Structure formats: structure tokens, C-alpha cells
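A.B. asks: Here it is: the structure, laid out below.
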Amino acid sequence: METGEQVGVEAVPYCCSACDGGETPASGLACRTRKTHSLSTSSATTCDYRKNQSLHGTSPVTTFGPKACMLQNPHAVMHIQDPASQRLTWNKPPKSVLVIKKIQDASLLQPFKELCVFLTEKNMIVYVERKVLADPVIQADESFAAVIQKFCTFREDLDDISNRVDFIICLGGDGTLLYASSLFQKSVPPVMSFHLGSLGFLTPFNIDTYQSQVTQIIEGNAAIILRSRLRVVKESQEKIARVDKKGIIMTNGDSEGSRKAMQYQVLNEVVVDRGPFSYLSNVDLFLDGHLITTVQGDGVIVSTPTGSTAYAGAAGASMIHPNVPAIMITPICPHSLSFRPIVVPAGVELKIMLSRDSRNTAWVSFDGRKRQEICHGDNITITTSCFPVPSICFQDPVNDWFESLAQCLHWNVRKKQNYLSSKEDVF
């Protein structure tokens with residue numbers, strides 16, 4: 001089965017000073033490697049995707065990248081850990097970091113350069129995407145050229161860095177964290193997100209105090225929140241072009257093509273919509289093999305608790321804390337007065353298909369990316385992934401979430417009612 005990434009593409013040599021006779025990157029692999037999805041031979045990172053009958057869904061992997069894991073809590077109640085007790089710990093001191101910067105934003109150049117200088121001074125191996133360094137302003141900065149020579153560079157969909165990065169630092173907004181998640185289709189290293197974007201619901205750290213905060217993370221003193229992801233498999237029938245006797249090219253006709261499967265790890269949501277068509281979308285929604293409803297409207301959103309404050313929240317879904325094991329199903333402008341958003345257990349398997357009598361095709365996107373068409377015969381299977389995103393907290397999972405609700409979404413903001421003295425008549 002194919003995945004959302006290209007598999008079997010040979011990577012070019014990394015631009016890494018650690019390979020020139022020095023210390024090897026975190027995984028200990030040579031710079032020239034063949035792309036693979038195998039993260040480790042350890043049983044901790046393997047995952048069986050057989051149907052899970054548990055209402056609580058798959059047990060998440062709690063090792064993140066080569067060296068990080070979650071500190072085990074022996075006092076967990078009913079196998080559900082107190083969110084405030086989720087702590088990051090290191091098996092070995094971290095030595096490599098991936099810095100992801102929002103591109104085409106000149107205001108982030110200075111913080112990016114200062115952070116990279118700070119990390120190299122701490123003898124960290126810094127990974128940066130090649131297209132970030134292609135910025136003309138960075139290339140024109142002669143004082144920064146010496147630092148760039150120490151970077152390891154990579155290219156999205158071509159170079160596999162899953163076993164090389166110990167933790168991730170994001171500079172930007174919520175979309176930067178979503179992009180970081182998409183780079184890792186299995187185990188994700190701990191992610192530290194600095195608020196340098198527009199909304200910043202998922203980015204709790206302030207760049208002004210980055211030195212002390214990054215140092216604290218390197219020392220392993222931080223709380224983490226495990227943001228569940230969705231494992232999405234899109235199966236489709238490849239179109240086969242054929243020429244009839246009259247020389248007319250026909251596609252897919254009555255001939256059956258081979259089945260193609262693409263796999264994605266989604267942090268926020270899967271959106272199925274009507275695309276450019278004026279008709280209602282008409283898709284069937286199955287839960288554990290049973291047809292539960294047909295969505296007639298602009299579309300449907302299947303989201304994680306993290307995504308409940310994104311598109312799903314705008315479409316009327318309840319806001320759910322990321323520690324709650326659940327999947328949200330939210331219709332988009334349904335042509336029904338009774339189609340309310342629902343929450344289902346994380347252990348279920350959802351399947352979305354075009355209805356037989358649908359007037360047109362539909363379109364699907366994964367965290368707002370890789371948008372593609374859904375045709376008759378295609379199906380999308382959605383389950384809870386066992387590879388969550390370990391997001392590093394500023395305080396703890398509970399306080400950070402309510403702080404974001406208040407500061408970013410202005411949750412329950414209202415002018416206070418005036419005080420009523422006891423002498424005044426209540427009526």
C-alpha cells in the first residue's frame with residue numbers, strides 16, 4: 001500500500017557537518033540513505049492496525065523519535081493518565097533538532113537566525129528544510145553564512161528524517177505545527193511551538209524568552225500533551241485509458257483498473273466537500289461497517305479533539321480537550337434541520353463513500369492539504385492513529401488549553417452584569 005509520501009526515492013546527501021568525520025546524526029545512519037517508513041526495530045514503535053474493538057481506541061505509542069518518551073505514571077487511574085502528570089523525559093540527551101519556519105514571512109527571519117545560532121552554540125545538530133534557506137534575504141546575509149554551513153538540510157517527500165530528529169521547534173502559527181505533523185507518518189518527536197503566526201491556538205511559547213525555554217526542554221523538564229491523529233486510508237480505482245475502434249480515448253469505461261491506496265496521518269481534520277459543483281454532496285457514512293447516515297449538504301468534517309477548535313468548531317462542533325479519546329463528525333451546512341454534530345469513541349472505524357445516486361463527485365483534503373477528488377467506487381477509511389503528536393506545553397495540558405480558549409477564541413467573553421445591592425428591589 002502506498003502512503004501519502006513517495007516511497008523508495010533515494011535521498012541526496014545531507015548537507016551535514018556532522019558527517020565530515022564528526023559525530024553522526026541522531027540515528028547513527030550515514031548521510032546517504034534510502035527512504036523507509038521503518039522507525040525502529042523496537043516493539044514500542046510497531047503498531048498493529050487490525051480492527052480495535054475497544055471503545056478507547058488504539059493505545060498510543062509513547063516513544064517519540066529516537067530518544068524521547070513520556071514519563072510513566074504508576075498512579076494512573078483506570079489506565080487514564082492525569083493530563084497534568086504527562087511529562088517529557090529523555091532516554092539519552094537530545095543532540096539534534098528540526099527547526100521549521102513559516103516561509104514567505106520576513107518578520108520571522110531574525111528570530112529564526114537567532115534561534116539557529118543559539119542551537120549551534122549548544123552543539124546541537126540543526127535540521128532545516130532546504131526551501132527555507134532558499135530565501136534571498138537569508139542567502140544575502142553574509143554573517144549567517146557560517147551558521148548555514150553547519151545545517152543539515154532535507155526536502156519534503158524526498159528525504160526521510162524520522163530517525164534523525166530528537167525534537168522539533170516550530171516558528172509560526174498553527175499551520176506550522178500541522179506541517180510538522182505531516183512530515184512524520186509514524187513516530188513524531190516532541191514539538192515545541194512558538195507563537196509567531198496569526199491565531200496561535202496550538203503555539204503556547206513566546207519567542208522573547210526562547211533561550212531559557214529551549215534549555216529547559218533540552219534538560220527534559222516539560223509537560224507534554226498527546227494530540228491524537230487520524231490514520232486515513234484513501235482507496236481508489238486507477239483510471240485506465242483505452243482507445244475504442246473509432247479512435248476515441250475513453251477512461252475507466254467498463255474496464256476495471258487496479259486499486260490504489262494512499263495513507264495519511266491527520267492532526268486536525270479530514271474534510272469531504274462538494275468541490276466546485278453546485279449540487280449537494282451526497283456521501284454515505286459507515287461506522288464499523290454499518291451505514292449510519294447519508295450526508296446531504298456541503299460536506300462533512302471528521303476531526304480529532306485538536307481539530308475541534310478549527311474548521312469543526314466553525315461548523316458548530318463542540319470544543320473537546322485533546323486528552324479526550326474521541327472522533328468528531330460534523331456536517332457542513334447540512335440540508336436537514338436535525339443533523340447535529342456527534343462525537344464517537346476513538347476505537348471506531350469510519351468509512352466515507354459516494355452514494356450511488358450522487359449527482360457529482362466529491363473532494364477530500366487532509367489538514368487542508370493534498371486535496372483530491374473522490375469518484376464512485378472510492379472509499380476513505382478513518383481510524384484513530386497510534387502515533388500521536390507529543391506537543392510540549394508551556395504550563396500543562398489543562399491550563400494551556402483554557403488559556404488558548406480565552407486568549408485566541410475569547411471563549412465566554414461577556415460584559416459583566418452590574419452588582420445588585422441588597423437594598424435595591426430585585427424586580
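A.B. asks: Only residues that are within 16 Å of the chain's Cα centre (by Cα) and in a loop (DSSP other than H, G, I, E, B): list them for region 288-320, please.
C.D. replies: Thr304, Pro305, Ala310
A.B. asks: Can you tell me which of (1) open to solvent by less than 20 Å² (accessible area, probe 1.4 Å); (2) more than 28 Å from Ser281 (Cβ to Cβ); (3) of a type outside the set (D, E, K, R); (4) without any contact (Cβ under 8 Å) to a residue 24 or more places away in the chain is the one Leu405 doesn't meet?
C.D. replies: So Leu405 meets the others, but not (4).
A.B. asks: Could I ask something else about it? Could you list, in sequence order, all residues of region 340-366 that are under 16 Å from Gly307 (Cβ atoms) and at pLDDT below 95?
C.D. replies: Once the filter is applied, which keeps residues that are under 16 Å from Gly307 (Cβ atoms) and at pLDDT below 95, region 340-366 yields only Ala346.
A.B. asks: Right, another one. Output yes when any residue across region 314-328 is touching a Phe, Trp or Tyr at 6+ places or on another chain (Cβ under 6 Å) and β-branched (Val, Ile, Thr), and no when none is.
C.D. replies: No, every residue in region 314-328 fails to be touching a Phe, Trp or Tyr at 6+ places or on another chain (Cβ under 6 Å) and β-branched (Val, Ile, Thr).
A.B. asks: Which of the residues belonging to region 162-171 are modelled with pLDDT of 90 or more and over 22 Å from Gly197 (Cα atoms)?
C.D. replies: Arg164, Val165, Asp166 - these are the residues of region 162-171 that are modelled with pLDDT of 90 or more and over 22 Å from Gly197 (Cα atoms).
A.B. asks: Have a look at Pro189, Pro204 and point out the one that is within 16 Å of Phe394 (Cβ to Cβ) and either in contact (Cβ under 8 Å) with a residue 40 or more places away in the chain or aromatic (Phe, Trp, Tyr) (or both).
C.D. replies: Answer to the selection: Pro204.
A.B. asks: Among all residue pairs at least 6 apart or on different chains, which show Cβ distances below 6 Å where the first residue, located in region 209-233, is within 14 Å of Cys386 (Cβ to Cβ) and the second is in a helix (DSSP H, G or I)?
C.D. replies: Arg227/Thr306
A.B. asks: Out of the residues in region 41-94 meeting the condition of being modelled with pLDDT of 80 or more and basic (Lys, Arg), tell me which one is least open to solvent (accessible area, probe 1.4 Å).
C.D. replies: Per the criteria, the residue is Lys67.
A.B. asks: Here's a follow-up. Can you pull out the residues in region 307-352 that are open to solvent by 50 Å² or more (accessible area, probe 1.4 Å) and within 13 Å of Glu269 (Cβ to Cβ)?
C.D. replies: Answer for region 307-352, where residues must be open to solvent by 50 Å² or more (accessible area, probe 1.4 Å) and within 13 Å of Glu269 (Cβ to Cβ): Tyr311, Ala314.
A.B. asks: Are there any pairs with C-beta distances below 7 angstrom linking a residue in region 60-89 that is of a type in the set (Phe, Trp, Tyr) and in a strand (DSSP E or B) to a residue that is surrounded by 11 or more Cβ atoms within 10 Å (Cβ to Cβ) and at pLDDT 70 or above, with the two at least 6 apart or on different chains, and if so which?
C.D. replies: Here the result reads Phe64/Ser187; Phe64/Val188; Phe64/Pro189; Phe64/Pro190; Phe64/Pro390, each pair linking region 60-89 to a residue that is surrounded by 11 or more Cβ atoms within 10 Å (Cβ to Cβ) and at pLDDT 70 or above.
A.B. asks: A further question follows. Of all residues in region 259-284, which are among the small types (Gly, Ala, Ser), touching a strand residue (DSSP E or B) at 6+ places or on another chain (Cβ under 9 Å) and outside any strand (DSSP E or B)?
C.D. replies: Gly275
A.B. asks: In region 353-371, which residues are closer than 25 Å to Ser181 by Cα and surrounded by 13 or more Cβ atoms within 10 Å (Cβ to Cβ)?
C.D. replies: Trp363, Val364, Ser365, Phe366, Asp367, Gly368, Arg369, Lys370
A.B. asks: Take Val348 and decide whether it is under 27 Å from Ser318 (Cβ atoms), assigned to a loop (DSSP other than H, G, I, E, B) and not acidic (Asp, Glu).
C.D. replies: Yes: the conditions hold for Val348.
A.B. asks: For region 325-342, enumerate the residues that are outside any strand (DSSP E or B) and either touching a residue at least 60 places away in the same chain (Cβ under 8 Å) or more than 21 Å from Thr381 (Cα to Cα) (or both).
C.D. replies: Pro325, His335, Ser336, Leu337, Ser338, Phe339, Arg340
A.B. asks: Do we have any residue at all in region 135-148 that's surrounded by fewer than 18 Cβ atoms within 10 Å (Cβ to Cβ), assigned to a loop (DSSP other than H, G, I, E, B) and modelled with pLDDT of 85 or more?
C.D. replies: The answer is no, given that none of the residues of region 135-148 is surrounded by fewer than 18 Cβ atoms within 10 Å (Cβ to Cβ), assigned to a loop (DSSP other than H, G, I, E, B) and modelled with pLDDT of 85 or more.
A.B. asks: Filter region 117-147 down to the residues that are in contact with a strand residue (DSSP E or B) (Cβ under 8 Å, 6 or more places away or on another chain) and among the aliphatic types (A, V, I, L, M) and list them by number.
C.D. replies: Of everything in region 117-147, those that are in contact with a strand residue (DSSP E or B) (Cβ under 8 Å, 6 or more places away or on another chain) and among the aliphatic types (A, V, I, L, M) turn out to be Leu119, Met124, Ile125, Val126, Val128, Val132, Leu133.
The values are calculated or read from the model by the stated rules, or taken from the named source; none is laboratory data. Because the structure is a prediction, the values reported are computed rather than measured. Neighbour counts are summed over all protein chains in view; Cβ atoms, including those assigned to glycine, are modelled from backbone coordinates with ideal geometry. These area figures cover heavy atoms from the full protein model, side chains too; ligands, DNA and RNA do not enter into them. Shrake-Rupley method; radii C 1.70, N 1.55, O 1.52, S 1.80 Å.
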